[in-house]
Amino acid sequence: MEYQILQHKVDGAVATITVSRPKAMNALNTRFFDEMDSLLDELSENEGLRVVVITGEGKAFAAGADIAEMSGMDSKQGEAFSRKGQAVFNKIENFPLPVIAAVNGYALGGGCEFAASCDIRIASAKAKFGQPEVNLGLIPGYSGSQRLPRLIGRADANYLLFTGDAIDAAEAHRMGLVQKVVDHDLLMEEALKTAKTIASKGPEAVKLLKKTINQGLETSFDKGEDLEAGHFGSLFGTQETTEGIDAFLNKRKPNW
Ligand code: CAA
């Protein structure tokens, strides 16, 4: 597919995707979702890749669903627009590799839902987060009403969802929505440093870990433990785990 909104580059084990529609604050339209869907498929075929970083160009990570595109939609079209966004953000959440959101600016509405679908969020001190859909007489449509309460807890999620207030990066950090806040100019450096740290770990273990966390959260604690024990066991005897344990015991770096 030819990409008009998304730019991407692969540097060794790390892919960086930049949402690049800065004049519209990277508002999320149908074209964006089609491109993201296709790019994720493309990246999932790259066997050398271990981590993906997503950021935005300009003042926004993404300022939400494209309000101009939504205007005039009927109920059926609205539902389809929601389903499309949900499916692509679920694809990010279930992408086989960890995905880091490097939140450079506004992450509002669908943009906050976008960041929430990533595994880790690192924010510029200039970033702003919020779910302002109620200001438009709307509710979130890209799983914000479901993912946010599960991610940061119902109380803080309720605050964001009902008030529509935009909060700064420090407050988002306090809520646990953001894992690290850094100076704006250091955002990509920090996100890439985190990506490289993850990329240096046992690659199959990291992939299995993401699957175990995601699947475990969808089930009971007991079933999650069954899942963990099965996955834990499945690593024994593999080349990667054998190498990791041998490297530790022989006081050397693993070579995977
Ligand atoms: N959709 C479409 N266009 C958008 C947009 C959006 N979500 N957000 C910003 N833009 C456009 C503006 O219309 C403007 O376009 P023009 O230059 O053609 O007028 C351009 O981006 C720049 O925006 P502003 O002039 O408003 O820039 P600002 O710096 O003054 O304000 C902002 C920035 C605070 C992010 C403000 O643009 C804003 O509040 N945007 C809307 C945020 C919002 O309500 N998001 C929720 C959308 S609904 C949703 O996401 C539903 C869902 O869950 C599926």
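The values are calculated or read from the model by the stated rules, or taken from the named source; none is laboratory data. Predicted model only: the values in this text are computed from it and were never measured. Positions of Cβ are backbone-derived with ideal geometry, glycine not excepted, and every protein chain shown enters the neighbour counts. The accessibility values were calculated without ligands, DNA or RNA, using every heavy atom of the protein model including side chains. Shrake-Rupley method; radii C 1.70, N 1.55, O 1.52, S 1.80 Å.
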| task | Could you run through region 34-89 and say how many residues are of a type in the set (Lys, Arg) and within 13 Å of the ligand (Cβ to nearest atom)? | result | 3
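Residues are listed down the side, and each one gets a yes or a no for (1) more than 20 Å from residue 103 (Cβ to Cβ); (2) of a type in the set (A, V, I, L, M):
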site	(1), (2)
189	no, no
195	no, yes
201	yes, no
206	yes, yes
226	yes, no
244	yes, no
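Report yes if some residue within region 82-92 is under 14 Å from residue 177 (Cα atoms) and either of a type in the set (Phe, Trp, Tyr) or assigned by TED's automatic domain parsing to the domain that holds residue 43 (or both); otherwise report no.
Pass one, region 82-92, residues under 14 Å from residue 177 (Cα atoms): none.
No, the conditions are met nowhere in region 82-92.
Would you check if there is a residue in region 31-39 being aliphatic (A, V, I, L, M), open to solvent by less than 50 Å² (accessible area, probe 1.4 Å), in contact with a His (Cβ under 8 Å, 6 or more places away or on another chain) and at pLDDT 95 or above?
Within region 31-39, the first condition is being aliphatic (A, V, I, L, M), and the residues that meet it are 36, 39.
This time we only want the ones that are open to solvent by less than 50 Å² (accessible area, probe 1.4 Å), so: 36, 39.
Now narrow it down to the ones that are in contact with a His (Cβ under 8 Å, 6 or more places away or on another chain): 39.
Now drop any that are not at pLDDT 95 or above, which leaves 39.
Within region 31-39, one or more residues are aliphatic (A, V, I, L, M), open to solvent by less than 50 Å² (accessible area, probe 1.4 Å), in contact with a His (Cβ under 8 Å, 6 or more places away or on another chain) and at pLDDT 95 or above.
Got at least one residue in region 118-133 being within 19 Å of residue 84 (Cα to Cα), touching a residue at least 12 places away in the same chain (Cβ under 8 Å) and touching a strand residue (DSSP E or B) at 6+ places or on another chain (Cβ under 6 Å)?
First pass over region 118-133, keeping only residues within 19 Å of residue 84 (Cα to Cα): 118, 131, 133.
So of that shortlist, the ones also touching a residue at least 12 places away in the same chain (Cβ under 8 Å) come out as 118, 131, 133.
Checking which are touching a strand residue (DSSP E or B) at 6+ places or on another chain (Cβ under 6 Å) leaves us with 118.
Within region 118-133 (the criterion being within 19 Å of residue 84 (Cα to Cα), touching a residue at least 12 places away in the same chain (Cβ under 8 Å) and touching a strand residue (DSSP E or B) at 6+ places or on another chain (Cβ under 6 Å)), the answer is yes, since at least one residue qualifies.
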| remark: When residue 197 is run through (1) among the hydroxyl-bearing types (Ser, Thr, Tyr); (2) over 18 Å from the mean Cα position of the chain (by Cα); (3) surrounded by fewer than 14 Cβ atoms within 10 Å (Cβ to Cβ), the failure sits at (2)
| query | Could you say whether any residue in region 52-65 is in the same structural domain as residue 131 (by TED's automatic domain parsing), of a type outside the set (A, V, I, L, M, F, W, C) and loosely packed, with under 14 Cβ neighbours inside 10 Å? | reply | no
| remark: A careful count of residues in region 70-98 that are more than 15 Å from the chain's Cα centre (by Cα) and either of a type in the set (A, V, I, L, M) or open to solvent by 60 Å² or more (accessible area, probe 1.4 Å) (or both) gives 12
| note | Within region 105-136, of all residues that are open to solvent by 10 Å² or more (accessible area, probe 1.4 Å) and not hydrophobic (A, V, I, L, M, F, W, C), the one farthest from the ligand (Cβ to nearest atom) is 119
| task | Please work out which one of (1) touching a helix residue (DSSP H, G or I) at 6+ places or on another chain (Cβ under 8 Å); (2) of a type outside the set (Val, Ile, Thr); (3) more than 24 Å from residue 88 (Cβ to Cβ); (4) open to solvent by 70 Å² or more (accessible area, probe 1.4 Å) is the condition residue 215 fails and give its number. | result | (3)
| task | Looking only at region 213-256, count how many residues are among the basic types (Lys, Arg) and part of a helix (DSSP H, G or I). | result | 1
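Rundown of residues vs (1) open to solvent by 70 Å² or more (accessible area, probe 1.4 Å); (2) of a type in the set (A, V, I, L, M); (3) in contact with a helix residue (DSSP H, G or I) (Cβ under 7 Å, 6 or more places away or on another chain), yes/no style:
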| position | (1), (2), (3) |
| --- | --- |
| 161 | no, yes, yes |
| 170 | no, yes, no |
| 173 | yes, no, no |
| 186 | yes, yes, no |
| 193 | yes, no, no |
| 228 | yes, no, yes |
| 231 | no, no, yes |
| Can you tell me which residues in region 138-156 are more than 10 Å from the ligand (Cβ to nearest atom) and more than 17 Å from the chain's Cα centre (by Cα)? | 153, 154, 155, 156
